[in-house]
Amino acid sequence: MTLIKSISGIRGTIGGQPGDNLTPLDLVKFTTAFAAFIRKRSGKSNPCIIVGRDARISGSMVNKVVCGTLMASGIDVTDIGLSTTPTVEVAVPGLKADGGIILTASHNPAQWNALKLLNEKGEFISSAEGEKILELAESEAFDYSEVKQLGNYVKDDSWIDKHIEMVLQLPLVDVQSIRKAGYRIVIDAVNSTGGIAIPKLLKALGVAEVFELYCTPDGNFPHNPEPLPAHLTAISEMVVQQKAHLGFVVDPDVDRLAIVDENGEMFGEEYTLVAVADYVLKHNPGTTVSNLSSSRALRDVSVLYGQQYFASAVGEVNVVEMMKAKNAVIGGEGNGGIIYPDLHYGRDSLVGIALFLSHLAKKALSCSKLRATYPSYQMTKNKIQLNKQMDVDNLLHQVAETYKNEEVNKTDGVKIDFENGWVHLRKSNTEPIIRIYSEAADEQEANRLASKVMTIIGKLTAKS
């Protein structure tokens with residue numbers, strides 16, 4: 001079964017049986033439920049929803065089904081076409097719409113697609129709202145509009161350009177310094193919509209030369225689309241061959257940003273946010289936020305500026321919620337997701353690139369030398385398979401009790417902060433496993449901390 005219904009949307013593999021995979025029937029049912037939710041929320045007879053998509057192969061088909069279903073539900077549709085997740089997020093309030101749908105499975109392989117749901121602010125819907133939509137979809141408690149109440153459809157391809165202009169207008173984006181630096185930059189857009197947006201952005205920022213790798217938005221992903229080091233050998237080689245200053249890598253919907261330095265080495269996804277936060281805090285001191293599984297380096301940089309750092313539960317919605325509560329000036333996730341509230345509350349690779357290049361140009365350092373200015377940590381990821389009958393919540397409670405003399409955070413699973421690193425344990429929502437993330441100054445120490453906690457778990461499960 002590869003159809004996953006969650007509070008944030010619906011995703012699955014294309015084809016197969018309804019209810020098991022992402023089929024047209026599933027698309028219709030879930031889209032109709034969202035339309036009913038938006039009509040009730042807005043109080044309008046013909047509310048407006050913005051639809052945009054990444055370039056994956058199934059995108060055109062999914063787009064036609066979703067847009068037609070919205071119109072049948074009395075929704076006025078503005079289709080902004082091939083786009084990015086952050087572009088849809090800024091288009092929703094920009095057009096004073098009542099909601100948005102992004103057709104993307106993010107970093108998932110080509111056979112996947114998904115509907116991501118936005119409210120009228122262009123932000124992901126809350127958990128409670130997601131539950132209501134799921135209930136509507138399951139009960140099928142909705143009606144379609146009669147012929148005179150059908151929604152209208154308009155196409156608007158201008159929003160990537162508008163998004164770029166919004167980025168350029170930000171006070172901390174220093175186009176003059178970037179142009180003066182004469183950067184030569186390689187971009188890997190995994191043949192999705194980053195291939196439209198990022199070269200345009202770089203040229204608008206005054207980058208001297210842009211080398212495009214996999215920038216044809218046809219959805220034929222040339223490698224696994226998740227921007228991890230193992231998948232990025234081609235751009236690493238191209239940066240060195242072209243004697244480029246650095247390379248940027250984005251995922252298919254352009255909300256995650258990875259960086260390759262001038263030597264073809266990974267800057268580190270965790271450090272995308274760290275570097276951007278360093279620049280923002282220097283010019284606009286304030287609170288920072290990331291999730292519990294993100295690097296301690298952001299906390300360290302925040303402390304250097306005399307500012308507070310807070311950790312939220314994992315998930316963009318949770319990061320945004322805490323950013324608002326703490327009035328954070330910068331935040332995001334360690335997967336290369338930059339959230340800069342001066343533009344909007346959503347992960348945005350375009351604003352991440354603009355702020356990073358402004359920082360790099362003002363520092364007048366190479367990419368590798370900038371990276372060397374930050375605390376160096378290594379992260380490891382493990383998992384433990386459990387018996388299906390195991391009470392995982394009780395097990396995590398026992399682990400927390402075992403380490404009660406350390407700094408323990410139970411916001412999302414259990415995170416144990418030691419003097420020399422941390423371990424974060426989270427239960428999977430889809431299978432009987434505990435995911436274990438650990439971080440320390442070197443990989444050996446990170447593994448030691450993880451092994452220490454995993455041994456405790458082994459003893460506790462043996463007792464039960």
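At a glance:
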{"read-out": "Helix-derived mean residue ellipticity, 222 nm - over the chain, DSSP H n ≥ 4, -39500 (n - 2.57), to 500", "value": "-12000 deg cm²/dmol"}
{"read-out": "The stretch 107-216: relative contact order as a whole-number percent, Cα under 8 Å and 6+ apart", "value": "20"}
{"read-out": "Gain in span if fully extended, Gln176 to Thr216, counting 0.36 nm per residue against the direct Cα distance", "value": "11.5 nm"}
{"read-out": "Against the rule of thumb 2.2 N^0.38 Å, how large the Cα Rg of the stretch 370-464 comes out", "value": "1.12"}
{"read-out": "For the stretch 197-204, 3J(HN,Hα) per residue [Karplus equation, 6.51 cos²θ - 1.76 cosθ + 1.60, θ = phi - 60°, Hz, x = Gly/Pro]", "value": "7, 6, x, 4, 4, 4, 5, 5"}
{"read-out": "Per-residue HN-Hα couplings for the stretch 27-43 [Karplus 6.51, -1.76, 1.60; θ = phi - 60°; Hz; x = Gly/Pro]", "value": "4, 5, 5, 6, 5, 4, 4, 5, 4, 4, 4, 5, 4, 5, 5, 7, x"}
{"read-out": "For Val186, distant residues with modelled amide H under 5 Å away", "value": "Phe211, Leu246, Gly247, Phe248"}
{"read-out": "Exposure of Met71 as accessible area (Å², to 10), given a probe of 1.4 Å and all protein chains", "value": "60"}
{"read-out": "Pairwise FRET efficiency - Glu401 versus Lys324, Cβ, R0 = 25 Å, nearest 0.05", "value": "0.15"}
{"read-out": "Å² of accessible area per residue within the stretch 269-378, as computed with a 1.4 Å probe and no ligands counted", "value": "32"}
{"read-out": "At R0 = 25 Å, FRET efficiency that the Cβ-Cβ distance of Glu131 and Gln385 yields, to 0.05", "value": "0.30"}
{"read-out": "Antiparallel bridge percentage (DSSP; both residues within the chain; nearest 5)", "value": "60"}
{"read-out": "Listed candidates (i) 22.2, 71; (ii) 22.4, 67; (iii) 23.3, 74 - label of the one calculated as Rg and Dmax of the Cα atoms in Å", "value": "(ii)"}
{"read-out": "Calculated FRET efficiency for the pair Gln17/Ala208, C-beta based, R₀ 51 Å, to 0.05", "value": "0.45"}
{"read-out": "Amide H within-cut-off set for Ile10, under 5 Å, with H built and near neighbours excluded", "value": "Leu115"}
{"read-out": "Beta bridge orientation in the stretch 271-390: antiparallel %, DSSP, nearest 5", "value": "40"}
{"read-out": "Relative contact order of the chain, defined on C-alpha pairs under 8 angstrom at six or more residues apart (%)", "value": "11"}
{"read-out": "Whole-number percent relative contact order across the stretch 259-351, with pairs defined as alpha carbons under 8 Å at least 6 apart", "value": "29"}
{"read-out": "Accessible-area order (highest first, 1.4 angstrom probe) of the listed residues Tyr377, Tyr183", "value": "Tyr377, Tyr183"}
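The values are calculated or read from the model by the stated rules, or taken from the named source; none is laboratory data. Owing to the predicted nature of the structure, the values given are computational and were not obtained by experimental measurement. For neighbour counting, all protein chains shown are included, and Cβ atoms are generated from backbone atoms with ideal geometry for every residue, glycine included. Accessible surface areas use protein heavy atoms only, side chains included; no ligands, DNA or RNA. Shrake-Rupley method; radii C 1.70, N 1.55, O 1.52, S 1.80 Å.
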